[in-house]
Amino acid sequence: MKLAILGGGGVRIPMFIRGVLSRPGASFGEICLFEPDQARRETIGRLSVEVAAALGHRGVVRVTADVEDAFTGADFVFSAIRVGGDRGRLIDEEVALRRGLVGQETIGPGGCAMALRTIPVVLSYCETLARCAPGAVLINFTNPAGLITQAVSLHATVRAVGVCDTPSSALAHLTEFLGADRHSVAFSYAGLNHLGWISSFTVAGREQVGTLLERYEELQRFDQHFAAFDAGFVRRLGAIPTEYDYYYYEPRRYVEAVAQAGASRGADVLRLNSGLLTDVAKAFSAGDVHDAWNAYITQMGIRRASYMRTDMAGESMPVPAPSASGTAPESGHDPEGLGPAGGGADVRPGGYEGVALQVIAALTDRKPGAVIVNTRNGACLPFLDPDDVVEVPAHIDGGGIAPLAGSALPRSARGLVTQVKEYEREVVSAAVTGDAERAALALALHPLVPGVTVAREMMSEYRERHGPSLAYLS
């Protein structure tokens, strides 16, 4: 099989490649990374190619600046692009934060600006994909994942499904907390991407949500992702929110935390990614793939360890101390086990590569089953339209993707999902029509935006600061 990756120079791609190729039975004969930026091709792209070779898959991974070359003959395409780059994310956050509003990259104003920059680009790639590989399946990681998947689902001819590892990670943490065998666990989960709830969690047929709610303070100490929420509120809700619900339930706490940190997560990531590219380039110049991998994994470890710490606790991302030469340890040093038999890097069943591989294994009938994905609703959540993209468990096999019966969300959750979905519908409409006023009115529908006047102000500022990326809106 051939896999193409849109955004093949993204900083998470070497980890993705290592995770995919480290799993038993890796079945890709070719993985083609499409990356238009030369500097990223020569650093991140090169690292991915050489990591594959170190794992015994020499020649499997290659990098190209030609999207038609990447797509031709592809069976699956992963979309993981960031239109406007890390600086675009920073603008998205700043415009909202200056007004005391949530400035997260996928939610509220930031998510709206990101979607408006991204939808036309993704739809253009879909046209090329339909021409070069009409039978390929697009697996969308590009954020905001649900919104982008909805745009592709409604306005492109390619087969598409959206994936995110947030729900599966939450379920894995709950399983670990209870000391359960993951094969004995069943659950109910539903919502939208980055807005979902676990309403049932059974172990060997016995419901455990009540136990989890009773022990919620203990769960918070066990895993920081659940510490975002007030325990009394969660018990009253009667369902366990996933981590991104924090931005809806605690917007003031988020804004105060960012102010305390002195910089948004986007500012930290911009700084880290800039250092990462520099360090990987220096390591390749002075050494080999092991040096580059060590430099890379150091920076990615900091990013992973600081995840959501700015937003929840007001803690800014630390800056790694480079060596005098700016490179990793001596050539050949391999503490992360880059070789085929090694450990070190995260090759658990989870992670976003794990979810993607589950989807591929199911669609190719190698391992059909249920996976949480972003897909058309059908009758799954009856309070939404059939064509709305929702995030729910779906049965996937060679015949396609069929959403499973939805769980009974709390009434307040249904209300929040209904409002956010209406906002998402209008954002997609604004993007495909190029209507700037419609974009502003769509933003005004979001529950984290205080009205039309503020929405128009922000949309005007986004259009000015993003320049060419939003010039199509008029």
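Number of residues in region 181-210 that are open to solvent by 50 Å² or more (accessible area, probe 1.4 Å) and part of a helix (DSSP H, G or I) equals 2. Filtering region 373-392 to residues that are open to solvent by less than 20 Å² (accessible area, probe 1.4 Å) and touching a residue at least 60 places away in the same chain (Cβ under 8 Å) leaves 373, 374, 375, 380, 381, 388, 389, 390, 391, 392. Scanning region 395-434 for residues that are outside any helix (DSSP H, G or I), open to solvent by 40 Å² or more (accessible area, probe 1.4 Å) and closer than 22 Å to residue 189 by Cβ yields 395, 397, 401, 402, 403, 404, 405, 408. Within region 168-180, identify whether any single residue is buried (at least 18 other Cβ atoms within 10 Å of the Cβ), part of a loop (DSSP other than H, G, I, E, B) and free of Cβ contacts under 8 Å to residues at least 60 places away in the same chain, and answer yes or no. Checking region 168-180: not a single residue is buried (at least 18 other Cβ atoms within 10 Å of the Cβ), part of a loop (DSSP other than H, G, I, E, B) and free of Cβ contacts under 8 Å to residues at least 60 places away in the same chain. Would it be correct to say that residue 292 is open to solvent by less than 50 Å² (accessible area, probe 1.4 Å) and among the small types (Gly, Ala, Ser)? Answer is yes for this residue.
Every condition in (1) closer than 26 Å to residue 358 by Cα; (2) in contact with a helix residue (DSSP H, G or I) (Cβ under 6 Å, 6 or more places away or on another chain) holds for residue 202 except the one numbered (2).
Any residue in region 80-100 that is open to solvent by 50 Å² or more (accessible area, probe 1.4 Å) and at positive phi? Scanning region 80-100, I find no residue that is open to solvent by 50 Å² or more (accessible area, probe 1.4 Å) and at positive phi, so the answer is no. Here the condition is being touching a residue at least 12 places away in the same chain (Cβ under 8 Å), more than 21 Å from residue 84 (Cβ to Cβ) and out of contact with any Ser or Thr (no Cβ under 8 Å at 6 or more places or on another chain); of 289, 280, it holds for 289 alone.
Please determine whether any residue of region 2-18 is of a type in the set (A, V, I, L, M, F, W, C), part of a helix (DSSP H, G or I) and open to solvent by 10 Å² or more (accessible area, probe 1.4 Å).
Looking only at region 2-18, we keep the residues that are of a type in the set (A, V, I, L, M, F, W, C), and these are 3-6, 11, 13, 15-17.
Going one step further and asking which of them are part of a helix (DSSP H, G or I), we end up with 13, 15-17.
With the extra rule that they be open to solvent by 10 Å² or more (accessible area, probe 1.4 Å), the set shrinks to 15.
Yes, region 2-18 has at least one match.
Among the residues making up region 224-256, those that are under 20 Å from the mean Cα position of the chain (by Cα) and either over 22 Å from residue 192 (Cβ atoms) or in a helix (DSSP H, G or I) (or both) are 224, 225, 226, 243, 244, 245, 246, 247, 248, 254. Of the residues making up region 150-167, those that are open to solvent by less than 30 Å² (accessible area, probe 1.4 Å), touching a Leu at 6+ places or on another chain (Cβ under 9 Å) and either at pLDDT below 95 or assigned to a helix (DSSP H, G or I) (or both) are 151, 152.
Looking across region 446-466, the residues that are closer than 15 Å to residue 115 by Cα and open to solvent by 10 Å² or more (accessible area, probe 1.4 Å) come down to 463, 466. For region 132-142, state whether one or more residues are assigned to a helix (DSSP H, G or I), in contact (Cβ under 8 Å) with a residue 12 or more places away in the chain and either open to solvent by 30 Å² or more (accessible area, probe 1.4 Å) or over 18 Å from residue 307 (Cβ atoms) (or both). Among the residues of region 132-142, at least one is assigned to a helix (DSSP H, G or I), in contact (Cβ under 8 Å) with a residue 12 or more places away in the chain and either open to solvent by 30 Å² or more (accessible area, probe 1.4 Å) or over 18 Å from residue 307 (Cβ atoms) (or both), which makes the answer yes.
Just one residue in the set 46, 23, 62 is of a type outside the set (Phe, Trp, Tyr), free of Cβ contacts under 8 Å to residues at least 60 places away in the same chain, more than 17 Å from residue 86 (Cα to Cα) and surrounded by fewer than 23 Cβ atoms within 10 Å (Cβ to Cβ); that residue is 62.
Mind checking whether some residue in region 231-253 is at pLDDT 95 or above, acidic (Asp, Glu) and closer than 17 Å to residue 214 by Cα? First the steps, then the outcome.
Keep residues of region 231-253 that are at pLDDT 95 or above, which gives 231-253.
Checking which are acidic (Asp, Glu) leaves us with 243, 245, 250.
Right, trim to closer than 17 Å to residue 214 by Cα and you get none.
The answer is no, given that none of the residues of region 231-253 is at pLDDT 95 or above, acidic (Asp, Glu) and closer than 17 Å to residue 214 by Cα.
Return the only residue of 281, 259, 263 being open to solvent by 20 Å² or more (accessible area, probe 1.4 Å), outside any helix (DSSP H, G or I), on the phi < 0 side of the Ramachandran plot and not β-branched (Val, Ile, Thr). I'd like the intermediate steps shown before the answer.
On the way: 281 fails: outside any helix (DSSP H, G or I); 259 fails: outside any helix (DSSP H, G or I).
On inspection, the qualifying residue turns out to be 263.
The values are calculated or read from the model by the stated rules, or taken from the named source; none is laboratory data. Predicted model, so just to flag it, every value in this text is computed and none were measured. Note: ideal-geometry Cβ built from the backbone for every residue, glycine included; neighbour counts use all protein chains shown. When the accessible area is computed, the model is the full protein with side chains, heavy atoms only, and any ligands, DNA or RNA have been set aside. Shrake-Rupley method; radii C 1.70, N 1.55, O 1.52, S 1.80 Å.
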